[in-house]
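Structure record follows, encoded as structure tokens.
Quick note: the coordinates plus some simple rules give every number you see, no bench work behind them. From a predicted model like this one, the values you see are computed outputs, not experimental measurements. Cβ placement follows ideal geometry from the backbone for every residue including glycine, while neighbour counts extend to all protein chains displayed.
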Amino acid sequence: MTMASRLILITIFISISYVDCVQTVNGRVKIFIGLTSGCPNARNFITSQLVPAYAEYGKFLDLEFVPWGKTERHENGTVTCQFGDNDCWANRLQRCVLNHLRGNPDAQLQYMACEYRQPYPAFQLGSFQCAREAGMRIAAADFCVNNPQIDTLDEEAEAKSTDPIEIIGVVPSIVFNDNIDVSTHWQAFRRLASVVCFALADDSSTGVLGCQI
Ligand SMILES: *[C@@H]1O[C@H](CO)[C@@H](O)[C@H](O)[C@H]1NC(C)=O
């Protein structure tokens, strides 16, 4: 074996060990994505990482989007969001629409992809365009956005986001199978499809092979 091929093998081995930290549960991988509407890194992640990874491996994935980000709740009951009032409004709309689309993961991803690509309809334009395209009536979406006190969507999102934000510290926060882990988060942020592929390839029941780093 030449020095070069030995080096290549060592590199591959190190890289595989490096990404080999996510495992399937019953042949599936659960991915929590904590995000907030105005966040550029969340936009990049959804567009460049999540959409292509889901196109390839979606049938093995259980996605959970939690649009809450680094929102803070104050003692007087008001909340402030990382990117201001538009961020709060768009996050609330997203919680409403995701709830409306619960049980339909393909539609949820399609909806979030719509909100997180130009022109960022909810955040930038205050528009219901993506909600409407997702099949939610505007009157229903508007009612949900304006009546947070009659459901528990905000409280649930806040509770689910607290630990990921505290431990990972950034938005988006990516968590696999409920194990909050900073290095896995960064792996997924840079090359989600690869992380998912190695997890699936490690489980022969999936039939997935040939992962690329
Ligand atoms: C609520 O508290 C926050 C943080 O202290 C403050 O910025 C905001 O102006 C307060 N809002 C109201 C309506 O009192």
Beyond 19 Å, the calculated P(r) of the stretch 73-193 holds a percent of Cα-Cα pairs equal to 54 percent
Quick calc of log₁₀ I(q)/I(0), the stretch 21-62, Debye, one scatterer on every Cα, no solvent, q values 0.18, 0.21, 0.29, 0.32 1/Å, result -0.59, -0.75, -1.04, -1.11
In degrees rounded to 10, the 0-90 angle between helix 182-201 Cα long axis and the longest Cα principal axis of the chain is 60 degrees
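About the Cα centre, and with charges only on the beta carbon of Lys, Arg (+1) and Asp, Glu (-1), how big is the dipole of the chain? Nearest 20 debye, please.
Working: 16 positive and 23 negative charges, 141 e Å.
Roughly 680 debye for the chain.
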One point scatterer per Cα, no solvent, Debye formula: log10 I(q)/I(0) for the stretch 131-213 at q = 0.16, 0.18 Å⁻¹ comes out as -0.83, -0.88
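Hey, what number do you get for the chain at 222 nm if only DSSP H runs of n ≥ 4 count, each worth -39500 (n - 2.57), divided across all residues, to the nearest 500? Intermediate results must be reported in sequence, preceding the final value.
On the way: 10 runs with 111 residues, N = 213.
About -16000 deg cm²/dmol.
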So, over other residues within a Cβ distance under 14 Å of F83, counting Lys, Arg +1 and Asp, Glu -1, the net charge is -1
Taking every C-alpha to C-alpha distance in the stretch 43-121 and binning by 10 Å from 0, the per-bin percentages run 17, 47, 28, 8, 1
Sorted on mean Cβ neighbours within 10 Å (highest first), peptides 136-146, 37-47 come out as 37-47, 136-146
Rounded to the nearest 10, the angle in degrees between the Cα long axis of helix 105-115 and the longest principal axis of the Cα atoms of the chain comes to 70 degrees
For the chain, the charge dipole (Cβ of Lys, Arg +1; Cβ of Asp, Glu -1; about the Cα centre) points to a positive end, and the Cα of T152, N179, S48 closest to that extreme belongs to S48
Checked against the positive end of the charge dipole of the chain (+1 on Cβ of Lys and Arg, -1 on Cβ of Asp and Glu, about the Cα centre), the farthest of G210, T36, L93 is G210
Cys in the chain lacking any partner Cβ under 4.7 Å -> C21, C39
Length-normalised contact order of the stretch 65-124, Cα under 8 Å, at least 6 apart, in percent, tallies to 28 percent
Output ordering of 165-177, 48-60 (per-residue mean of other Cβ within 10 Å, highest first) is 165-177, 48-60
Cα convex hull volume per residue for the chain, in Å³, equals 124 Å³
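Of the listed peptides 97-105, 149-157, what is their order by residue-averaged count of other C-beta atoms within 10 Å, with the highest listed first? It would help to have the intermediate numbers written out before the result.
Values: 97-105: 16.6, 149-157: 13.6.
Packing order, densest peptide first, comes out as 97-105, 149-157.
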Rounded to the nearest 10 degrees, the helix 85-100 long axis (Cα) sits at an angle to the longest Cα principal axis of the chain of 80 degrees
